[in-house]
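Read the structure below first, then the notes.
Only the coordinates and a few stated rules stand behind these numbers; no lab work does. Since the structure is predicted, the reported quantities are computational estimates derived from the model, not experimental observations. Note that we place each Cβ from the backbone using ideal geometry, even for glycine, and neighbour counts take in every protein chain shown.
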Amino acid sequence: MDNSADSNKKQAIRVSNLTKEFNGFKAIDNISFSVEEGEIFGMLGPNGAGKTTTIRILSTTLKATKGEAFVWGYDISKQPDKIRRSIGIVFQDQTLDDRLTGMENLDFHARLYGMKRNLREKRIKEVLHLVDLWDKRNTLVKYYSGGMCRRLEIARGLMHYPRVLFLDEPTLGLDAQTRHNIWEHIRVLNKREKIAILLTTHYMDEADTLCNRVGIIDKGKILIIDEPEKLKNMVGKDLISIKVSSPEKMMQILSNFEWVSNKRVYDGLLHLEVTEGEKRIPFLINLAQRYSLSVDLVSLRRPTLEDVFLHFTGKRIREEEGTLRERISARIRSRRRR
Ligand SMILES: Nc1ncnc2c1ncn2[C@@H]1O[C@H](COP(=O)(O)OP(=O)(O)OP(=O)(O)O)[C@@H](O)[C@H]1O
Ligand SMILES: [Mg+2]
């Protein structure tokens, strides 16, 4: 009897000191992390950070140079077949056959996995409903929009009941509305199928709203891993800006509150670094009124993952967007050629 999956039941992925070198260049450099059953784990990083390389190693299409990793309890170096049956992958670049319908694409995939006809039909229906494409099942993929293609690829990744799903940049190049729609589908499938998801992204909002935990990766190294809220709390407090009739007087009034860690007046506004910003706003307004100061405007800014990224890497992920745009247009060009 094979117990290897059971002994690691709660850990969908475990990576220890994994390194991948290409001719001496470290594409991933001694990374370690784990993903729990049912968790959505995000690798957030710019172009060339090593995200796809990590997915390729974990899905056993590329061999690691050093280190070890287990996927659903199976060893990447010793049990690649077991791993391939336990995982679903949505690749960074589109891999659908656009001369086939949505249903035919799924059926083809299910046959490759040796699924019997009854099970194939049942599962195709289930996954197409899950991504809301049942009504489009008989339409040729070449008539699908970018978002529909992505959803079909996710459905295909789920066909053979994987326990772990890899999503490599699931919303790259899609418009905001389509991205939000795909996030919703990912949330639903994560709940309904109780599946562990490793997704890569360089979109801050995607990592923030979708992932239970995020690892920031840059130049092959994972710099920090934590829940998005905790990461944001690590790099700074909330910033409250108040337009008040006398910012200097208000600053004096606030001299003895331990939850205000920093106070400055500039551009005619009083700026405060505080803990639990949302709670403080009504208190600040009342306080100003008690001292007969009038408040015209209060704004609250929470640190974002952008601030976290800047803190740990020393640069903004946006600096990479030039290359990102080139990459998206290359992808669109190659799609048109097909
Ligand atoms: N087969 C290969 N041979 C040589 N270098 C490679 C190979 N595959 C990847 N690399 C290099 O490894 C580094 C990591 O690449 P990877 O594709 O993992 O990055 P990524 O984080 O997925 O980036 P992107 O956001 O652009 O998809 C890059 O510098 C890349 O050029
Ligand atoms: Mg990549």
Would you calculate a helix-derived [θ] at 222 nm for the chain, using -39,500 (n - 2.57) for each DSSP H run of n ≥ 4 and dividing by the full residue count, to the nearest 500? -12000 deg cm²/dmol
Report, in cubic angstrom per residue, the convex hull volume of the C-alpha atoms of the range 1-131. 150 Å³
Along the range 294-310, what does the Karplus equation 6.51 cos²θ - 1.76 cosθ + 1.60 (θ = phi - 60°) give for ³J(HN,Hα), rounded to whole Hz, x for Gly and Pro? 9, 10, 9, 7, 10, 10, 10, 10, 8, x, 10, 5, 4, 5, 5, 4, 4
So what J values fall out for the range 30-36 if you push phi through Karplus, 6.51 cos²θ - 1.76 cosθ + 1.60 with θ = phi - 60°, rounded to Hz, Gly and Pro as x? 6, 8, 9, 6, 9, 10, 8
If each residue of separation counts as 0.36 nm, what is the full-extension length gain between Lys219 and Asn256 once their alpha-carbon separation is subtracted? 8.9 nm
Under 8 Å for C-alpha pairs, at least 6 residues apart: give me the relative contact order for the range 69-172, rounded to a whole percent. 45 percent
Using just the alpha carbons, could you tell me how many Å³ per residue the convex hull of the range 237-301 encloses? 73 Å³
With Cα springs under 10 Å, the Gaussian network model of the chain assigns the largest mean-square fluctuation among Val15, Val188, Val244 to Val244
Quick one: angle between helix 176-192 and the longest Cα principal axis of the chain, in degrees between 0 and 90, rounded to 10, please. 70 degrees
What list of ³J(HN,Hα) couplings, whole Hz, do you get for the range 77-87 from phi and the Karplus terms 6.51, -1.76, 1.60, once you set θ to phi - 60° and write x for glycine and proline? 8, 10, 10, x, 5, 4, 5, 4, 7, 9, 10
Charge sum, other residues only, whose C-beta stays under 12 Å from Leu254's C-beta, Lys/Arg counted +1 and Asp/Glu -1: +1
Going through the range 172-267, which trypsin sites (Lys or Arg not before Pro) have at most 14 other Cβ atoms within 10 Å and a DSSP loop state? Lys194
Mean separation of Cα pairs under 8 Å and 6+ residues apart, divided by the residue count of the chain: what relative contact order is that in percent? 19 percent
Restricting to Cα atoms and excluding each atom paired with itself, what does the Kirkwood estimate give for the range 182-260 in Å? 16.2 Å
Can you tell me the FRET efficiency between Ser32 and Arg192 if r is taken as the Cβ-Cβ distance and R0 is 30 Å, rounded to the nearest 0.05? 0.50
Does anything in the range 217-241 have its amide N under 16 Å from the 7 Å Cα→Cβ label point of Asp296, and if so which residues? 241
Work out the P(r) tail for the range 65-116: percent of alpha carbon pairs separated by more than 13 Å, whole number. 69 percent
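What is the ratio of the Cα radius of gyration of the range 122-263 to 2.2 N^0.38 Å, with N the residue count, to two decimals?
Details: Rg = 21.7 Å, N = 142, 2.2 N^0.38 = 14.5 Å.
Relative to the rule-of-thumb radius for its length, the range 122-263 sits at 1.50.
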Amide H partners (placed H, <5 Å) of Val214, local residues excluded: Gly42, Asp226, Glu227
Could you tell me which of rounded, prolate or oblate describes the chain, using a ≥ b ≥ c as the square roots of the eigenvalues of the alpha-carbon gyration tensor, with rounded for a/c under 1.5 and, failing that, prolate when a/b is larger than b/c and oblate otherwise? prolate
Helix 146-158 axis, angle to the chain major axis (alpha carbon atoms, nearest 10°): 60 degrees
